[in-house]
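The structure appears right after this line, and notes come after that.
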């Protein structure tokens, strides 16, 4: 009995651990998904303002990001078309070569994966620049083109990924099948096309998928080789650097949705194949019945998921959150009005005291992202004799409110719309 | 002539290892020819050499009077059936069988027709659309044969094709293979380490040991009149009695052994000097209970194996074994029973002891 209770305790512990583990894995994704639908201009869940789908529109209207997406797609296609055949050739060479040379060749082929991407990126530019200059090519030529350089740079290490996939698959290939084909009159080319290539087909598919992903998400090589152009990833990175907004969460939602559709369809394919291979299909109630078979067919499932996603997009595009947003805006304005009233009341009470704020200037009071760090010294024409800086870029203050002494009322001036209203500058 | 295979002093070396040593033999058209030997004796290498996957280091392989040097396996009039069959797992049965036609550019319709005809030949009509993994072992076996026949080869090479099957199926496939061979009239070259297969199916058998062809003969001759100690020990069970030659008259040899003076026959008309160390080979079924017999022994134990009873006896240090037809419980021998044993001297071979205790070990452990 004690053993049973101990077992129960163990089960609770493992369930708790499992829940924590999944929370750790998927918690960020869930929160990010939530922020994509909050109208707050900073990605956050609380305070929840309005349910909105506008961030998807913001995302799609971002020219730089969308141009980067097409550039990435083109580069990805180029990388797949070059890296997959190269990887296959490498894997075939590895499987055919004498064992003593194999280790050496493997090291050579795998090295680009181990070299830091930064080094690959820089060396790609330097190398092709040298080649281009040696050929007398103008700097507008192919070897100075960001897309070409990025494909060249990415292929160097992405083809090694493809090679690893092909090597794993080739290890399970029975070489007597090729011998049998030859013996039955096939030329070596026919044996390759009709026997080896069909066997490798799943590996070709996964290699193409993996190389596409590796190319798409690559940053540290691409950021050098893309030169003045931008891929999706580099555009995204620069966007993050200049300030984050929930359109990035919207992008994450799209990527998560595509991944889920792909994964569920893949699972359906695998289950169907397993059921057919094991011969269970004919006996199973699901696969044995024509309607059931149709219902769990991967194509049906894919169509269903795409239809669901389409419905969500259609519904989302029709959803209008402007009324709610206007309400929130109005609420905020009222709040600010009230705060200002209080402020004025307080100022009236302390009227005898000088209202001019003393140094240093209030952080966050001047609307600059640097919080006034360069407030006094960097302003052209600013003299050290004027210790109290006026806001460099006056923020749109709430209408109808005459600007009080700078720094004394931070609320309307910040881009955070009163988010930090509790933080008062000293002396305020 | 068109289907003859001539191995003209073929030697195959891999580095310092000699896999096949100076093999010379002529296999005539329409023959069912077997290579028999323990694993690692070079028989598979020789087969791969005939089919074109291995080039001979020395000598020539001639097929239908033509030197096959630098003729690839896809250009030779041979078809090989692999030990693991090497059926193409991604193709249906019919696609497998029609593969040789596909690579020659035969139309889809023509391929299907030929595949169906071949499926009829191997008595598996209507399985053409099945996948290979849906067939049983014996069916796969026959599909592999049909696929090889679709090449329309002059010579069919078989590399231990029955070794993966269970006993009953193996025995059935022996008869089947022989019947197919007689129906299509091709030269079959068959590789096996199973002497039962070699003896039942073949017109002639070559016994190989350590890369050397020890004897080429009809199955009965291999069994009855082995030319070397290895052949005598490897093919069938046998009692080996060491001795020295006392005298020889004609083919009859008298020898002194630990069991007393015995008589045997000099295999292949060999002449022996008096005092030469030899071995006398007596098959268990030739050793019979005979009150007048020259050997005195005692029973150690008896094993029952259905149709036969194996008696293990001992005469001094010499272990002896005899096989008796099961004649019911009345014929059973208890341990310790005294025996008098005789044999037919004309069927007991005397062979030089010098060619290899090691070879006999290899034969007995195989």
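Every number here is computed from the coordinates shown, using simple stated rules; none is lab data. Since we're looking at a predicted model, the values are computed, not measured. In this analysis, Cβ positions are derived from the backbone assuming ideal geometry, glycine residues included, and neighbour counts consider all displayed protein chains.
What distance in nm lies between label points placed 7 Å from Cα along the C-beta direction at residue A:22 and residue A:313?
2.9 nm
At q = 0.06, 0.09 Å⁻¹, what is the base-10 log of I(q)/I(0) for the protein assembly as shown according to the Debye formula with one equal point scatterer per Cα and no solvent? Please give it to two decimals.
Values returned for q = 0.06, 0.09 Å⁻¹ are -0.69, -1.08.
Please compute the volume of the convex hull spanned by the alpha-carbon atoms of the range B:68-107 and report it per residue in Å³.
Taking the convex hull of the Cα positions in the range B:68-107, it is 95 Å³ per residue.
Counting DSSP beta bridges with both partners in the range B:5-224, what percentage is antiparallel, nearest 5? Provide the component values of the computation, followed by the final result.
Values: 20 of 38 bridges.
Rounded to the nearest five, the antiparallel share is 55 percent.
Ratio of Rg to Rh for the range B:5-224, alpha carbon only, Kirkwood?
Details: Rg = 17.3 Å, Rh = 17.8 Å.
Radius of gyration over Kirkwood radius for the range B:5-224 works out to 0.97.
Counting DSSP beta bridges in the protein assembly as shown, what percent are antiparallel, to the nearest 5? Present the calculation step by step, with values, prior to reporting the outcome.
Working: 63 of 83 bridges.
So the antiparallel bridges in the protein assembly as shown amount to around 75 percent.
When the helices in chain B are scored as -39500 (n - 2.57) per DSSP H run of 4 or longer and the sum is shared across all residues, what 222 nm value do you end up with, to the nearest 500 deg cm²/dmol?
On the way: 10 runs with 92 residues, N = 366.
Rounded to the nearest 500, the figure is -7000 deg cm²/dmol.
Would you mind classifying the range B:1-121 by shape? Square roots of the alpha carbon gyration tensor eigenvalues, ordered a ≥ b ≥ c; an a/c under 1.5 is rounded, otherwise it is prolate if a/b is larger than b/c and oblate if not.
Working: a/c = 2.21, a/b = 1.87, b/c = 1.18.
Cα axes put the range B:1-121 in the prolate bin.
To the nearest 0.05, what FRET efficiency results for residue B:252 and residue B:168 with a Förster distance of 35 Å applied to their C-beta separation?
On the way: r = 43 Å, r/R0 = 1.24.
With R0 = 35 Å, the Cβ-Cβ based efficiency is 0.20.
Can you put B:292, B:134, B:31 in order, fewest other beta carbons within 10 Å first?
B:292, B:134, B:31
Arranged by the count of other C-beta atoms within 10 angstrom, fewest first, what order do B:113, B:43, A:338 take? The partial results should precede the final answer.
On the way: B:113 14, B:43 28, A:338 10.
With the fewest neighbours first, B:113, B:43, A:338 line up as A:338, B:113, B:43.
So for the range B:92-132, considering every pair of alpha-carbon atoms, how many percent are separated by more than 16 Å? The partial results should precede the final answer.
Details: 202 of 820 pairs.
Above the 16 Å cut-off, the range B:92-132 has 25 percent of its Cα pairs.
Mean projection of the alpha-carbon convex hull of the range B:127-277 over all orientations, in nm²?
12.0 nm²
Top mean-square fluctuation among B:70, B:174, B:309, Gaussian network model of chain B, C-alpha springs under 10 Å?
Evaluated over chain B, the most mobile residue of the options is B:70.
I'd like the orientation of helix B:108-121 relative to chain B: the angle between its Cα long axis and the longest Cα principal axis, in ° from 0 to 90, rounded to 10.
Between helix and principal axis, roughly 20 degrees.
What whole number of Å gives the distance from the Cα centroid of the range A:303-336 to the Cα centroid of the range B:10-62?
81 Å
What per residue convex hull volume, in Å³, comes out for the range A:175-264 when only alpha-carbon positions are used?
On the way: hull volume 12.3 nm³, N = 90.
It is 137 Å³ per residue.
Ignoring solvent entirely, what values of log10 I(q)/I(0) come out of the Debye formula for the range A:148-203 at 0.19 Å⁻¹ when each Cα is a single scatterer?
Those come out to -0.72, one per q.
Suppose we keep just the alpha-carbon trace of the range A:66-243; what are its Rg and Dmax in angstrom?
Considering the range A:66-243 through its Cα atoms, Rg and Dmax are 18.9, 66 Å.
If you build a Gaussian network model of chain B, linking Cα atoms that sit under 10 Å apart, which residue out of B:307, B:297, B:345 swings the most?
B:307
When the convex hull of the C-alpha atoms of the range B:195-269 is computed, what volume per residue in Å³ does it have?
Details: hull volume 7.5 nm³, N = 75.
Hull volume over Cα atoms, normalised by residue count, gives 100 Å³.
Would you work out if the range A:184-342 is rounded, prolate or oblate? Take a ≥ b ≥ c from the square roots of the eigenvalues of the alpha-carbon gyration tensor; rounded if a/c is under 1.5, else prolate when a/b is larger than b/c, oblate otherwise. Write down the numbers at each step before the final one.
Numbers: a/c = 4.63, a/b = 1.67, b/c = 2.77.
Oblate is the answer for the range A:184-342, as a/c is 1.5 or above yet b/c matches or exceeds a/b.
What are the principal axis extents of the Cα atoms in the range A:101-180, in Å, biggest first?
The principal-axis extents, from largest down, are 54, 28, 23 Å.
In whole Å, what is the distance between the alpha-carbon centres of the range B:242-281 and the range A:78-122?
The range B:242-281 and the range A:78-122 have Cα centres spaced 69 Å from each other.
Would you order A:340, A:66 from fewest to most other beta-carbon atoms within 10 Å of each residue's own beta-carbon?
On the way: A:340 19, A:66 14.
Ascending number of Cβ neighbours within 10 Å: A:66, A:340.
Run through all the Cα pairs of the range B:229-365 and give the fraction in each 10 Å bin from 0, expressed as whole percent.
Going out from 0 Å in 10 Å bins, the range B:229-365 shows 12, 42, 34, 11, 1 percent.
Report, in degrees rounded to the nearest 10, the 0 to 90 angle that the Cα long axis of helix B:137-150 makes with the longest principal axis of chain B.
Approximately 60 degrees, to the nearest 10.
Which of rounded, prolate or oblate describes the range B:232-296 when judged by the alpha-carbon gyration tensor and an a/c cut-off of 1.5?
Values: a/c = 1.76, a/b = 1.26, b/c = 1.40.
Cα axes put the range B:232-296 in the oblate bin.
Limiting things to C-alpha atoms, what are the Rg and the maximum Cα-Cα separation (Dmax) for the range B:289-328, in angstroms?
In order Rg, Dmax, the Cα atoms of the range B:289-328 give 10.8, 30 Å.
In a Debye calculation with equal point scatterers on the alpha-carbon sites of the range B:1-56 and no solvent, what is log10 I(q)/I(0) at q = 0.17, 0.31 Å⁻¹?
Scattering profile of the range B:1-56, log10 relative to I(0): -0.55, -1.43.
As I understand it, the value is the acute angle between the Cα axis of helix B:167-184 and the longest principal axis of the Cα atoms of chain B; what does it come to in degrees, rounded to 10?
With rounding to tens, the tilt is 60 degrees.
Measure off 7 Å from each Cα along the Cα-to-Cβ vector at residue B:129 and residue B:28, then give the distance between these two points in nanometres to one decimal.
4.8 nm
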